[in-house]
Amino acid sequence: MSNIIFVLNGPNLNMLGKREPGIYGGETLETIGEDCRSTGAKLGIEIDFRQSNHEGVLVDWIQEAGSKAKGIVINPGAYSHTSIAIHDAIRAVSPLPVAEVHLSNIHAREEFRHHSWVSSVATGMICGFGSQGYLMALHALAARLGAAQQKGQG
C-alpha cells in the first residue's frame, strides 16, 4: 500500500464558492482539491480527492480506504450530524487514522450542528479554519504516518 490519503467530501460541498460564502468562503471544491494535491505532493502523499451528495457512496469510499489508503480526511458536511452509517463505516476501518474537517466552526452555529457522529470515531477534528483545515489535517496525518513508519523501522 502506497502513501495514499483519501480526502472525502459530503453533500453540498460541490456548491462551494456559490453556497453561503459568508459561512463557507469563496473557494471552490476544485481549488481545495488542487491545494490538497499540492500539499500532498510536498508531504510525499498521494491524494485521492472525492465528493458525493450520497451517504452510501461515502460509506463505500470509507470501506475502500480501509484497504487502499493510509488515512482519511473527511468533511462529511451535514452527514456529520445525522449519519450513523458513516460513523459505523469509520469504526469498521479502524485503526485507519481519520481527520474530520469542517470549513466553519460547527460549535458556533445552530444547535443541531454541535453534535457530530463522526467525531467520536475520528482520530481528530479541525473546524473553523476554512479550507486551511484540509491542509492542517493532511499535515497531521502525514506526521502520524511518519511516526508509524519510524516505529516500524525501529
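The values are calculated or read from the model by the stated rules, or taken from the named source; none is laboratory data. Because the structure is a prediction, the values reported are computed rather than measured. Note that we place each Cβ from the backbone using ideal geometry, even for glycine, and neighbour counts take in every protein chain shown.
L13 versus (1) within 14 Å of I74 (Cβ to Cβ); (2) at pLDDT 95 or above: which is the lone unmet condition?
(2) is the only condition that L13 fails.
What residue, among those in the stretch 16-44 that are modelled with pLDDT of 95 or more and of a type in the set (V, I, T), is surrounded by the most Cβ atoms within 10 Å (Cβ to Cβ)?
For the stretch 16-44, the residue satisfying everything is I32.
Looking at the stretch 119-140, is at least one residue modelled with pLDDT of 95 or more, assigned to a helix (DSSP H, G or I), over 15 Å from the mean Cα position of the chain (by Cα) and under 17 Å from L8 (Cα atoms)?
Looking through the stretch 119-140, none of the residues is modelled with pLDDT of 95 or more, assigned to a helix (DSSP H, G or I), over 15 Å from the mean Cα position of the chain (by Cα) and under 17 Å from L8 (Cα atoms).
Going through the stretch 63-103 one residue at a time, which ones are under 15 Å from N12 (Cα atoms) and either out of contact with any helix residue (DSSP H, G or I) (no Cβ under 9 Å at 6 or more places or on another chain) or not in a loop (DSSP other than H, G, I, E, B) (or both)?
Result: I74, N75, G77, A78, Y79, S80, H81, V101, H102.
State whether the residues of the stretch 42-62 include one that is without any contact (Cβ under 8 Å) to a residue 60 or more places away in the chain, in contact with a helix residue (DSSP H, G or I) (Cβ under 6 Å, 6 or more places away or on another chain), more than 26 Å from E111 (Cα to Cα) and in a helix (DSSP H, G or I).
Checking the stretch 42-62: at least one residue is without any contact (Cβ under 8 Å) to a residue 60 or more places away in the chain, in contact with a helix residue (DSSP H, G or I) (Cβ under 6 Å, 6 or more places away or on another chain), more than 26 Å from E111 (Cα to Cα) and in a helix (DSSP H, G or I).
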